[in-house]
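Bear in mind that the values in this text are calculations on the coordinates, not laboratory data. Predicted model only: the values in this text are computed from it and were never measured. All Cβ positions, even for glycine, are placed from backbone atoms using ideal geometry, and neighbour counts span all protein chains on display.
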Amino acid sequence: MPPLLSGGYLRVVLACARRAGLSAGSRGSHGGPGCVRDNPAGSGLLRGELDRFRGITVRLAQLDSLDADSFQRGLQAAVQQWRSEGRIAVWLHIPILQSRFIAPAAALGFRFHHAESDSSTLALWLGEGPSRLPGYATHQVGVAGAVFDENTRKILVVQDRNKLKNMWKFPGGLSEPGEDIGDTAVREVFEETGIESEFRSVLSIRQQHAHPGAFGKSDMYIICRLRPRSLTIRFCQHECLRCEWMALTELASTENATPVTSRAARLLLYGSREGFDKIDLTAEELPAVYTGLFYKLYHRELPDRYKTMAGLD
Ligand SMILES: NC(=O)C1=CN([C@@H]2O[C@H](COP(=O)(O)OP(=O)(O)OC[C@H]3O[C@@H](n4cnc5c(N)ncnc54)[C@H](O)[C@@H]3O)[C@@H](O)[C@H]2O)C=CC1
Ligand SMILES: [Mg+2]
């Protein structure tokens with residue numbers, strides 16, 4: 001029997017679990033000194049962190065000498081322990097180089113929850129009834145920039161090189177993780193057309209499910225109104241076939257534009273004639289209450305007296 005499979009090892013796992021780490025406390029309380037002294041190789045194996053929903057998170061350490069069978073037996077014992085302690089779920093983070101532990105975990109009922117470039121996360125629901133664990137990413141976010149020059153009343157449009165049918169659309173692309181919508185629009189417009197611009201507002205949001213370009217996930221496509229800061233086009237030959245400044249009235253009436261582009265062009269025409277405040281969702285940064293972070297809130301302009309509620313009932 002491999003050393004880590006010994007009764008001693010299992011006792012260590014369970015003792016560690018009882019002592020703090022796996023059964024209850026915060027990360028700092030995991031595994032007393034006894035765990036490390038008794039079994040250096042296995043001591044970090046199933047260290048758990050309890051979350052506010054009574055789930056356990058385990059991040060597998062480097063386990064070069066541990067084979068898959070031993071791991072499965074250790075995990076089974078730990079799961080039994082967590083179940084008896086009333087834990088509702090186990091989240092198992094497996095570094096890509098430890099992927100040999102995925103199959104043994106799956107044999108115990110774990111399923112993929114998500115994967116990033118160098119790790120996968122498996123989950124096992126231990127609670128009553130069907131799993132209430134939230135899914136992972138459900139949408140991709142694409143952002144386009146409708147760059148409208150109020151002096152010439154022209155708008156910046158491109159035709160995509162990689163499409164079978166070439167229709168006019170706004171330059172744009174996928175948002176990077178952590179990137180604000182307006183910043184994506186400005187960046188993508190610059191990368192695809194060479195035009196510099198500034199964010200003014202969000203004009204429309206399209207939600208489409210089972211999107212082929214989103215690996216079958218849902219797609220949010222957000223069109224922003226931008227103001228140009230330069231006018232000389234130097235378009236990206238890889239992505240665009242054509243790029244030009246087109247009269248807004250022409251884009252609003254041509255049949256050679258995608259439906260969402262036509263609709264946004266008509267919105268812009270309406271806004272440019274009757275006031276952009278009629279169509280703009282503007283952005284404001286506000287503090288998040290619980291996390292101490294900041295977020296952007298997009299909505300129609302709210303008159304100051306309603307923002308402060310001064311003198312209003
Ligand atoms: N209705 C409309 O007018 C249109 C809306 N969209 C929306 O725009 C967003 C995406 O914008 P894009 O300009 O497509 O993205 P993007 O500008 O971020 O990237 C497009 C480029 O990524 C590369 N690429 C994408 N998929 C690839 C793959 N599977 N293999 C290899 N290379 C690949 C290609 O070089 C491609 O030219 C989505 O939200 C989409 O729904 C895109 C086209 C038209
Ligand atoms: Mg693009």
Tell me, in nm to one decimal, what length is gained between Arg273 and Arg227 on full extension, where the rule is 0.36 nm per residue of separation less the Cα-Cα distance?
-> 15.0 nm
Percent breakdown of C-alpha pair distances by 10 Å bin, ordered from the shortest bin, for the chain = 5, 20, 21, 14, 15, 14, 8, 2, 0
Which whole-number percent of Cα pairs in the range 139-279 have a distance greater than 28 Å?
-> 10 percent
Scale the Cα Rg of the range 78-184 by the rule-of-thumb value 2.2 N^0.38 Å and send over the ratio, two decimals.
-> 1.76
Taking the alpha-carbon centre of each part, the distance from the range 166-231 to the range 66-114 in Å is 41 Å
Could you pull out every one of the aspartates and glutamates with an alpha carbon less than 14 Å from that of Lys169, ignoring same-chain neighbours closer than 8 positions?
-> Asp160, Glu188, Glu192, Glu239, Glu244, Glu250, Glu255
Based on other C-beta atoms within 10 Å, arrange Asp277, Asp160 from fewest to most.
-> Asp277, Asp160
Work out how much length Arg242 to Asp51 would gain on full extension: take 0.36 nm times their residue separation and subtract the Cα-Cα distance, in nm to one decimal.
-> 63.5 nm
Which value at 222 nm does the chain reach when only helices count, each DSSP H run of 4 or more adding -39,500 (n - 2.57), with the total divided by all residues and rounded to the nearest 500 deg cm²/dmol?
-> -8000 deg cm²/dmol
Starting from the Cα of Glu176, step 7 Å along the direction of its Cβ; do the same at Glu85; then give the gap between the two resulting points in nm.
-> 4.0 nm
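Give the relative contact order (percent, whole number) for the range 49-125; include only Cα pairs under 8 Å separated by 6+ residues.
Working: 100 pairs, mean separation 25.5, N = 77.
Value for the range 49-125: 33 percent.
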Cβ-Cβ FRET estimate between Glu191 and Tyr298, R0 fixed at 25 Å, reported to 0.05 | 0.60
Neighbourhood charge, 9 Å Cβ-Cβ cut-off, centred on Arg229 and excluding it, Lys, Arg +1 and Asp, Glu -1 = -1
What are the residues whose amide H is under 5 Å from the amide H of Ala257, where those residues sit 5 or more places off or on another chain and H is modelled from the backbone?
-> Trp168
Which far-off residues, 5 or more places away or on another chain, put their amide H under 5 Å from the one on Ser204, with H placed in the peptide plane?
-> Ile223
What nm value, rounded to one decimal, do you get for the distance between Asn151 and Arg234 when each label is placed 7 Å out toward the C-beta?
-> 2.0 nm
Which shape class applies to the range 49-125: rounded if a/c is under 1.5, otherwise prolate when a/b exceeds b/c and oblate if not, where a ≥ b ≥ c are the square roots of the Cα gyration tensor eigenvalues?
-> oblate
Here the range 220-231 yields Karplus 3J(HN,Hα) values (6.51, -1.76, 1.60; θ = phi - 60°; whole Hz; Gly and Pro given as x) of 9, 10, 10, 9, 10, 8, 10, 10, x, 10, 9, 10
Dipole in debye (nearest 20) - the chain, about Cα centre, beta carbon charges: Lys, Arg +1; Asp, Glu -1 | 840 debye
If R0 = 25 Å, then Thr138 and Ala103, at their Cβ-Cβ distance, give a FRET efficiency to the nearest 0.05 of 0.40
Gln208 to Asp67: FRET efficiency via 1/(1 + (r/R0)^6), r the Cβ-Cβ distance, R0 45 Å, to the nearest 0.05?
-> 0.45
Label-zone membership for the range 124-139, site His93, 7 angstrom Cα→C-beta point, backbone N under 14 Å = none
Hey, fewest Cβ within 10 Å first, where do Arg59, Arg47 land in order?
-> Arg59, Arg47
The exposure ranking of Phe199, Phe215, fewest beta-carbon neighbours within 10 Å first, is Phe215, Phe199
May I ask you to list the GluC sites (Glu not before Pro) in the range 173-278 that are in a DSSP loop and have at most 10 other Cβ atoms within 10 Å of their Cβ?
-> Glu255
